[in-house]
Structures are given as C-alpha cells and as structure tokens.
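A.B. asks: The structure under discussion is supplied below as structure tokens; questions concerning it will follow.
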Amino acid sequence: MMMTDTPAALRRTNDDSIGRILLDLGKITPGDAERVLALQAQNGMRFGEAAQHLGLVDASDIQQILATQFDYQYAPAHTSGFDPSLVAAVDPFGREAEMLRALRGQLTMRWFTTGHKALAVVAIDATAAAGAVAANLAIVYAQQGRTTVLIDANMRAPRQHTLFGLHPKSGLSDALAGRAAAPGLARVPPFDTLSLLGAGPQPPNPHELLGRPSFAALDQALVRAFDVVLYDAPALSAGADAYAIAARTGAVLLVVSKNVTRQAALREARAQFMRAGAEIVGSLLVDF
C-alpha cells in the first residue's frame, strides 16, 4: 500500500535535503520517496541520483533543487516570461551562461575591484545585440549577490523592458528631464539584488539630456546605492550618445559583431573613447 505520510528520514525540521525539497515542490510523493530511499540504501546512491534512476525527476529538476539549496537565483524559461536571449536567467547551467560568468570575472578584476562601480556596454553596430549582453551581465552580477542596477540608456530604441517583460511607468528620460522626483527603479524578480531603470518615454533630444548635470547627479546617486551600475548604451552607429555615457562611467565593454564590424570602425571607436576619457576594459565578439 502506498504511504501518504512523509517518510521519517525526510521529516527533520528545517530540512533542506533534496528529498525534502522535492516533496515540498510536489515533484515526488511520499510513496515515491520511500522507493527512492530504498534504492539509495541498496546501491549507495545519492537521493537525486536514485530519483533520476527511477524516472521520477530529470536533470533540470535536480538543478532547480541545487539552486534552492545554495540560494542561486534563476528564472526557468517556462515560468519567468524573460526573453530567451537572457541565458544567464533561463539557462544558467549552459555553456553560454558559463562564458558570461567568465566575462564577469575578467571585468571584476580589471575594473570593479579597483574602486569603480559603473560600466557602459556599447556595440559598434546595432546588430551586435549589446542589450542582451548588458542584461545578462547584470543578471550574473546579481546572482553573485551584488546589488546591481541596469540602466536602459538607449533612449532612441529602448529594449530592456521588453527583454525582462516589465512595464515601468517612468525611466531615464523622465529623471534627466526633471519630470520625476526619483528614478523609477523596478525590481526584477526573482533576483533579490537586481533593479532596472527603463529608458522612459522616447525624447527628441537624448544626447542633450545626457549632457545635463542631472545625468551626473543620477549616476553619482546610483553609484552610492549599488555595487554594480551597468548602462546599456546605444550602438555607436546610432549617434554619439554612447560617448557621453562612457565619459561618465569611465569604462566601456565593447561588443563587436563577428563578420560585421570593420577594423576601421573599431580603431575609430577606440580613439573616440580615449578622447572621451573612457577606458575599454574588455571586448566581446558576438555572432548574433
């Protein structure tokens, strides 16, 4: 007869074992747990391995449980509403997410451990999908436990609210034009330490807004409030906005399109950032 009560081996108070969590999530029944415990004892397997062997759960279930055990926040694609390009959130155990964590480590050593907090993510060509790069980078910093804010500074063609499935009422343009008393920061669940400042209503003069003292004041306030401040800047091919943003942050992650970006454009970008007083602390070659 199938048992309906939790097996004694999984009935400990504040238990965060895989078996206990699988039961709490409804992935297995108490009867399933008894079968798993029997196989575990017989073969010396871990609970998760035994559950997989019996076909009760799959690898993605175990990954979810391990994330819960180690307080690792992510957003499975079928539940979050995030754009699939946000691989750090929807597929955090894949190869692309691992590459993003490697990029995070390089940027941390080169820039964020030297007392700096702000960084602009800039593409030379609009085809480079720098918005997805900036969003993923913000996610991996939040997964590290750092308070992180992502600013959609592409007021010409905003994209971050779409990637995250959010609909903020105000944003950067409102703050810079003095139309909002405080920046309209939106929390990005399920990430406890990630906030988004959307672009706001599309203004006719984005470059002029970025040249106002209000931009410097906003940046200083964000740097005081957060560990990591990331700007998703417009592509250089869209205008000079990115140079104004880089002049404020002092550093740039340059996103380059494979088989699209020309060497001459790359050399010109480096020269322009140097004149703006911004250091290129990293570059990323993308083919999407």
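A.B. asks: Quick check, is PRO158 in the same structural domain as PRO203 (by TED's automatic domain parsing), assigned to a loop (DSSP other than H, G, I, E, B) and in contact with a His (Cβ under 9 Å, 6 or more places away or on another chain)?
C.D. replies: No: the conditions fail for PRO158.
A.B. asks: Moving on to the next point. Going by the structure shown, is THR127 under 15 Å from VAL229 (Cα atoms), polar (S, T, N, Q) and surrounded by fewer than 19 Cβ atoms within 10 Å (Cβ to Cβ)?
C.D. replies: So THR127 does not fit the description; no.
A.B. asks: Is it fair to say ASN136 is buried (at least 22 other Cβ atoms within 10 Å of the Cβ), within 27 Å of ALA240 (Cα to Cα), of a type in the set (S, T, N, Q) and in contact with a strand residue (DSSP E or B) (Cβ under 7 Å, 6 or more places away or on another chain)?
C.D. replies: Answer is no for this residue.
A.B. asks: For the range 177-288, which fully contained helices (runs of 4 or more DSSP H) count at least 1 residues that are in the same structural domain as ALA120 (by TED's automatic domain parsing) and more than 23 Å from ALA132 (Cα to Cα)?
C.D. replies: 206-210, 213-225, 263-275
A.B. asks: Let me ask something additional. Given the condition assigned to a loop (DSSP other than H, G, I, E, B) and at pLDDT 75 or above, answer yes or no: does some residue in the range 28-40 qualify?
C.D. replies: Scanning the range 28-40 turns up at least one residue that is assigned to a loop (DSSP other than H, G, I, E, B) and at pLDDT 75 or above.
A.B. asks: Would you check if there is a residue in the range 154-170 being within 22 Å of THR249 (Cα to Cα), of a type in the set (Phe, Trp, Tyr) and in contact (Cβ under 8 Å) with a residue 12 or more places away in the chain?
C.D. replies: no
A.B. asks: Here's a follow-up. Within the range 227-247, track down each residue that is more than 18 Å from ASP125 (Cβ to Cβ) and either free of Cβ contacts under 8 Å to residues at least 40 places away in the same chain or surrounded by fewer than 21 Cβ atoms within 10 Å (Cβ to Cβ) (or both).
C.D. replies: ASP227, ALA244, ALA247
Conditions (1) in contact with a Pro (Cβ under 6 Å, 6 or more places away or on another chain); (2) closer than 26 Å to ALA265 by Cβ; (3) among the hydroxyl-bearing types (Ser, Thr, Tyr); (4) surrounded by 21 or more Cβ atoms within 10 Å (Cβ to Cβ), marked per residue:
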site: GLY81; (1), (2), (3), (4): no, no, no, no
site: GLY115; (1), (2), (3), (4): no, no, no, no
site: THR147; (1), (2), (3), (4): no, no, yes, no
site: ALA153; (1), (2), (3), (4): no, yes, no, yes
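The values are calculated or read from the model by the stated rules, or taken from the named source; none is laboratory data. These numbers were taken from a predicted model, which means no experiment stands behind them. Quick reminder, even Gly has a Cβ in these numbers, built from the backbone with ideal geometry, and neighbours come from all protein chains shown.
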